[in-house]
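Everything on this sheet refers to the single structure shown next.
The values are calculated or read from the model by the stated rules, or taken from the named source; none is laboratory data. Predicted model only: the values in this text are computed from it and were never measured. Every residue, glycine as well, gets a Cβ built from its backbone with ideal geometry; the counts of neighbours run over all protein chains shown. Protein only, heavy atoms only, side chains kept; ligands, DNA and RNA dropped before computing areas. Shrake-Rupley method; radii C 1.70, N 1.55, O 1.52, S 1.80 Å.
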Amino acid sequence: MELKDLEEYARINNVPIMEKDGIEFLTNYIRENNIKNILEIGAAIGYSAIRMCLIDKDIKVTTIERDKVRYDEAVKNINEFNLSDRINIIFGDALDIEIEGNYDLIFIDAAKSQSIKFFEKYEKYLNQDGTIITDNINFHGLTFSNTPAPTRNLRQMIRKIHNYLKWLEDNKEYHTKYENIGDGLTISKRVDN
Ligand code: SAH
Ligand code: MG
């Protein structure tokens, strides 16, 4: 099993794994900042968790997935890559379960309308100089589009992403940068105090 097999599976089965540029940026960030302990919300089939783990043998990832089919696929993939000792995958809804540990990085890549809730629930697990990165800020180009989204659901989703961006901007405990890479990322670094 190779990474390209996971990419192929994701494409065929419409699993929204990170875009190429996005995962490139994320893995570089982890490498450059010497990040070792990572919490991911939204494992899907384990692709990004595996990519993050492959950077360095000292990296550990805890990741949460609520969809049983994807969770089972992720467990299988993690085993195939022999990473079950470094990836702790939890089956459940991130807003319901309780976890343990301290993390250098929290990567939010789950339900796009719930980002504030994930952030508020999980920041207590973040180390003092930690970072929270959120994926899919662009929402496939819809967030910053001049033409309104075609459906009410999509418009609501976009409104929530804008709310999240405003909330991050107002959150003075973190310094947030937006990167127009992949499907758009925010990098929220805890401010020294
Ligand atoms: N990080 C993955 C892609 C994740 S796709 C990668 O890049 O490889 C988003 C996933 O988040 C979906 O599989 C979805 O089932 C899951 N998800 C959404 N909301 C969730 C929640 N509240 N708790 C746990 N998982 C959630
Ligand atoms: Mg994503």
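Observations on the structure shown:
- Top-ranked residue in the range 141-168 [being in a loop (DSSP other than H, G, I, E, B) and loosely packed, with under 13 Cβ neighbours inside 10 Å; ranked as nearest to the chain's Cα centre (by Cα)]: Gly141
- All positions within the range 37-68 that are touching a Leu at 6+ places or on another chain (Cβ under 7 Å), β-branched (Val, Ile, Thr) and not in a strand (DSSP E or B): Ile45, Ile50
- Cross-chain or 6+ apart pairs with Cβ under 7 Å, the range 91-107 first and hydroxyl-bearing (Ser, Thr, Tyr), then within 16 Å of ligand 2 (Cβ to nearest atom) and open to solvent by less than 50 Å² (accessible area, probe 1.4 Å): Tyr103/Ile38; Tyr103/Leu39
- Residue, farthest from Glu73 (Cα to Cα), within the range 8-38, restricted to residues that are touching a Phe, Trp or Tyr at 6+ places or on another chain (Cβ under 8 Å) and more than 14 Å from ligand 2 (Cβ to nearest atom): Ile35
- Note on the range 37-60: residues that are open to solvent by 10 Å² or more (accessible area, probe 1.4 Å), more than 14 Å from the chain's Cα centre (by Cα) and among the hydrophobic types (A, V, I, L, M, F, W, C) total 2.
- Residue match in the range 13-21 (condition: within 21 Å of Tyr125 (Cα to Cα), open to solvent by 10 Å² or more (accessible area, probe 1.4 Å) and in contact (Cβ under 8 Å) with a residue 40 or more places away in the chain): no
- Search result, residues across the range 125-140 that are more than 14 Å from ligand 2 (Cβ to nearest atom) and either at pLDDT below 95 or in a strand (DSSP E or B) (or both): Leu126, Asn127, Gln128, Asp129, Gly130, Thr131, Ile132
- Residues of the range 69-76 include none that is in a loop (DSSP other than H, G, I, E, B) and either at pLDDT 95 or above or open to solvent by 50 Å² or more (accessible area, probe 1.4 Å) (or both).
- Any hit, the range 169-190, residues being at pLDDT below 95 and either under 22 Å from Asn88 (Cα atoms) or open to solvent by 50 Å² or more (accessible area, probe 1.4 Å) (or both): no
- Restricting attention to the range 18-52, the residues that are within 9 Å of ligand 1 (Cβ to nearest atom) and β-branched (Val, Ile, Thr) total 4.
- Residue within the range 56-63 that is within 8 Å of ligand 1 (Cβ to nearest atom) and among the β-branched types (Val, Ile, Thr) present: yes
- Hits in the range 25-36 (condition: assigned to a helix (DSSP H, G or I), touching a residue at least 60 places away in the same chain (Cβ under 8 Å) and either on the phi > 0 side of the Ramachandran plot or open to solvent by 10 Å² or more (accessible area, probe 1.4 Å) (or both)): Phe25, Tyr29
Let's see how each residue does on (1) more than 15 Å from ligand 1 (Cβ to nearest atom); (2) over 13 Å from the mean Cα position of the chain (by Cα); (3) β-branched (Val, Ile, Thr):
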position	(1), (2), (3)
Asp93	no, yes, no
Glu120	no, yes, no
Glu123	yes, yes, no
Ile181	no, yes, yes
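- Residues in the range 112-140 that are farther than 23 Å from Glu173 by Cβ and not polar (S, T, N, Q) were compared, and the one that is surrounded by the fewest Cβ atoms within 10 Å (Cβ to Cβ) is His140.
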